[in-house]
Amino acid sequence: MQPAISIQQLTKSYASGHHALKGIDLDIQKGEIFALLGPNGAGKTTLISIVCGIVNPGGGKVSVDGHDILDDYRLARAKIGLVPQELFNDAFESVWATVKFSRGLFGKGPNPAYLEKLLRDLSLWEKREARIFELSGGMKRRVMIAKALSHEPDILFLDEPTAGVDVELRRDMWEMVRGLRERGVTIILTTHYIEEAEEMADRIGVISKGEIILVEDKAVLMDKLGKKQLRLILQRPLQSIPPALDAYALELSADGNELVYTFDAQRQHTGIAELLRHLGEHGIDFKDLQSSQSSLEDIFVNLVRGRA
Amino acid sequence: MNFYAIRAIYLFELARTWRTLMQSIATPVISTSLYFVVFGSAIGSSMVQIHGIDYAAFIVPGLVMLALLTESISNAAFGIYMPKYSGTIYEVLSAPISSFEIVVGYVGAAATKSVILGLIIMLTARLFVTFEIEHPLWMLLFLVLTAVTFSLFGFIVGIWADGWEKLQIVPALIVTPLTFLGGSFYSISMLPPVWQKITLFNPVVYLISAFRWCFYGVSDVNVAVSLGMTLLFLGGCLAIVFWMFKTGYRLKS
């Protein structure tokens, strides 16, 4: 199946000399929720801005549903809705006027019924005649979402959607994202909150210093997360692991001083008690033990630091 | 063509005019009326005729042009500067529209507003002075052409400006002097010979001269030359605008 978005060898340098993107390769599949995770300044917004046509690409190719973003910009852009990170608003316009404007701008004929439903879903209908500067921050963010969805896009970009957003709006937003996904809309969100990626995404990509350093199914990532390690510091160095303990798939450190047991923390039966008993039976004593779990955060921090 | 987009921009911009009706229409009408009271009625009554036209009537085309030029430039400049300043330009840049369509929307709205304003000022002038329009169709053509050309020029100013001050500088420091020195209040044949030559470098001279010809059938410069110069300026502005969009000058990094 044709990917919703295909990015090949995309680079971007700003006039300041800053290399924002260094050869990004990324395919976003139709209908998935993709979370782009990365620290501030990693290139998330630049990447989104290029796909949406707000920033000129440096080198490389980007296509949206098979349409090149430069050669077929009309077809490419018509498919995309963008909710930017900042609250950019026409302060003196009414909610209704600004949403109607957005729909027209993206080449769609008037459809008051659709816009009414959209505003109702976002709890904005009561405020449709209000001018935007009268609204609260959360309401303004809802207006941005309404604008992005006003032309019924197939692909929705949410740039840091929950930055500075209260709990209620956050919950509404996730509900809306799930609803959109059910209708087949592809969603790309950027965030630096790991829980957000964990909660929503089908796949997670990590970007750091302008490079994609990991793209993984969330399930696979979570599987890695579920693993725990028990580290035993031995009294005396061990030459080799007794064959009777093969079932535990233990790892022995090079100097023979440490034994590492990896187990699934999600399971009822972790096997730790038996292992310790077995070790005693084989005369392997330990002076200390520690268990650790790698969180997505650890993986993330290690990845990012590894590149630093 | 994305007609819905052109319409959306055009109506959105005109809606701003209706919302700010006082500033948009009343301000220029009042200031033009003041010119008529001071130069037309008070001073004009003791002035000699120019080209056989009463002084008060003589200055009508120039005053309409003065308002038309300044309003076209400031409307169009504000229209595109505002979204740049507030950040809402992101939406226009990400929309499936060509630069041509963007220009038609913004410049079309600014020019429409200026033409309406020009006609209102003429009606206002009629309250103070009696005048006939000899070539009404040519007058309309020049009115629209000038409004479009200078709205386009204002659009360039709006993209170029990176602060509110710059937005004011061009109309205040360039256009108003050029209009005053362009023969709004006198015929360039009244100038010393050297200045008659120098003044031909002022593009506004051609506009005012041609516009006055539409009213009274007399002009400082041949009308065909005026038309040619206006079209030349229009072409120049178009070229700059398309260069700006092509390179993303001050719009896209």
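The values are calculated or read from the model by the stated rules, or taken from the named source; none is laboratory data. Source: prediction; values computed, not measured. Counting neighbours? That spans all protein chains shown, and the Cβs are built from the backbone with ideal geometry, glycine included. When the accessible area is computed, the model is the full protein with side chains, heavy atoms only, and any ligands, DNA or RNA have been set aside. Shrake-Rupley method; radii C 1.70, N 1.55, O 1.52, S 1.80 Å.
As a test of the definition: with a 1.4 Å probe, what buried accessible area, both sides summed, do you compute for B against A, in Å² to the nearest 100?
When B and A are taken together, about 2600 Å² of accessible area is lost.
So which residue, out of A:L230, A:L36, A:L214, gets the largest mean-square fluctuation from a GNM of chain A using Cα contacts under 10 Å as springs?
In the Gaussian network model the winner is A:L230.
If you find the alpha carbon centre of segment B:123-184 and of segment B:4-43, how far apart are they in angstrom?
Answer, in whole Å: 12.
Farthest toward the dipole's positive end in chain A, which of A:T11, A:P243, A:V95, given Cβ charges of +1 (Lys, Arg) and -1 (Asp, Glu) about the Cα centre?
Of the options given, the answer is A:V95.
List, in order, the whole-Hz ³J(HN,Hα) value for each residue of segment A:202-216 obtained from phi through the Karplus relation with A = 6.51, B = -1.76, C = 1.60 and θ = phi - 60°; use x for Gly and Pro.
Taking θ as phi minus 60°, the curve returns 8, 10, 10, x, 10, 10, 8, 6, x, 10, 7, 9, 6, 9, 8 Hz for segment A:202-216.
If one takes the longest principal axis of the Cα atoms in chain A, at what angle in degrees, from 0 to 90 and to the nearest 10, does the Cα axis of helix A:167-182 lie?
80 degrees
Please work out the ratio of the alpha-carbon Rg of segment A:147-218 to 2.2 N^0.38 Å and round it to two decimals.
1.14
Antiparallel as a % of all DSSP beta bridges within the protein assembly as shown, to the nearest 5?
Of all bridge pairs located within the protein assembly as shown, approximately 70 percent are antiparallel.
What dipole magnitude, in Debye to the nearest 20, does chain A give about its Cα centre under +1 on Lys/Arg Cβ and -1 on Asp/Glu Cβ?
The dipole magnitude comes to about 840 debye.
Work out the P(r) tail for the protein assembly as shown: percent of alpha carbon pairs separated by more than 48 Å, whole number.
Summing the P(r) tail past 48 Å for the protein assembly as shown gives 34 percent.
Work out, in µm²/s and without decimals, the Stokes-Einstein translational diffusion coefficient of segment B:3-247 at 37 °C, 0.692 mPa s, Rh from Kirkwood over C-alpha pairs.
After rounding, the answer is 177 µm²/s.
Given B:S72, B:L178, B:G217, which one lies farthest toward the positive end of the charge dipole of segment B:3-247, if we put +1 on the Cβ of every Lys and Arg and -1 on the Cβ of every Asp and Glu?
B:S72
Could you rank the peptides B:7-20, B:149-162 by their average count of other C-beta atoms within 10 Å per residue, with the highest value first?
Averaged packing, sorted descending, gives the order B:149-162, B:7-20.
Quick one: how many Å² of B:K197 are accessible to a 1.4 Å probe, rounded to 10?
Counting only protein heavy atoms, the figure is 140 Å².
Considering only protein heavy atoms and a probe of 1.4 Å, how much of the accessible area of the protein assembly as shown is carbon and sulfur, as a whole percent?
59 percent
Go through A:K127/B:K84; A:K108/A:K218; A:K30/A:K228 and tell me which ones have a Cα-Cα distance over 29 Å in this structure.
Check vs 29 Å cut-off fails for A:K108/A:K218; A:K30/A:K228.
Quick one: accessible area per residue over segment B:1-71, 1.4 Å probe, rounded to a whole number of Å²?
Counting only protein heavy atoms, the per-residue value for segment B:1-71 is 47 Å².
Quickly estimate the mean residue ellipticity at 222 nm for chain A, helices only: each DSSP H run with n ≥ 4 gives -39500 (n - 2.57), and the total goes over all residues, rounded to 500.
-10000 deg cm²/dmol
Would you work out the charge dipole size for the protein assembly as shown about its Cα centre, treating the Cβ of every Lys and Arg as +1 and the Cβ of every Asp and Glu as -1, and quote it to the nearest 20 debye?
The dipole magnitude comes to about 1320 debye.
Place +1 on the Cβ of every Lys and Arg and -1 on the Cβ of every Asp and Glu in the protein assembly as shown, take the dipole about the Cα centre, and give the residue among A:I207, A:V304, A:I132 whose Cα lies farthest towards its positive end.
A:I132
Express the Stokes-Einstein translational diffusion coefficient of segment A:5-222 in µm² s⁻¹, to the nearest whole number, given a Kirkwood radius over alpha-carbon pairs, 20 °C and a viscosity of 1.002 mPa s.
In µm²/s, the coefficient is 121.
Roughly how tilted is helix B:3-19, in degrees to the nearest 10 and between 0 and 90, from the longest Cα axis of chain B?
Helix B:3-19 sits at roughly 60 degrees to that axis.
To check my understanding: the extent here is largest minus smallest coordinate of the Cα atoms along each principal axis. What are those three numbers for segment A:226-295, in Å, largest first?
Reported extents, whole Å, longest axis first: 31, 22, 18.
Determine ³J(HN,Hα), in whole Hz, for all residues of segment A:259-264 in sequence, where each value follows from phi through the Karplus function 6.51 cos²θ - 1.76 cosθ + 1.60 and θ = phi - 60°; x replaces Gly and Pro.
Each residue of segment A:259-264 in turn: 10, 10, 10, 9, 9, 8 Hz.
Each residue of segment A:28-44 in order: what ³J(HN,Hα) in whole Hz does its phi give by Karplus 6.51 cos²θ - 1.76 cosθ + 1.60, θ = phi - 60°, with x for Gly and Pro?
Ordered by residue, 3J(HN,Hα) equals 10, 7, 5, x, 8, 9, 10, 9, 9, 10, x, x, 4, x, 7, x, 4 Hz.
To the nearest 20 Debye, how big is the dipole of chain B about its Cα centre, given +1 on the beta carbon of each Lys and Arg and -1 on that of each Asp and Glu?
In debye, rounded to 20, chain B gives about 460.
With angles folded into 0 to 90 degrees, how steeply does helix B:223-247 sit against the dominant principal axis of chain B? Use alpha carbons for both and round to 10.
That helix lies at roughly 20 degrees to the long axis.
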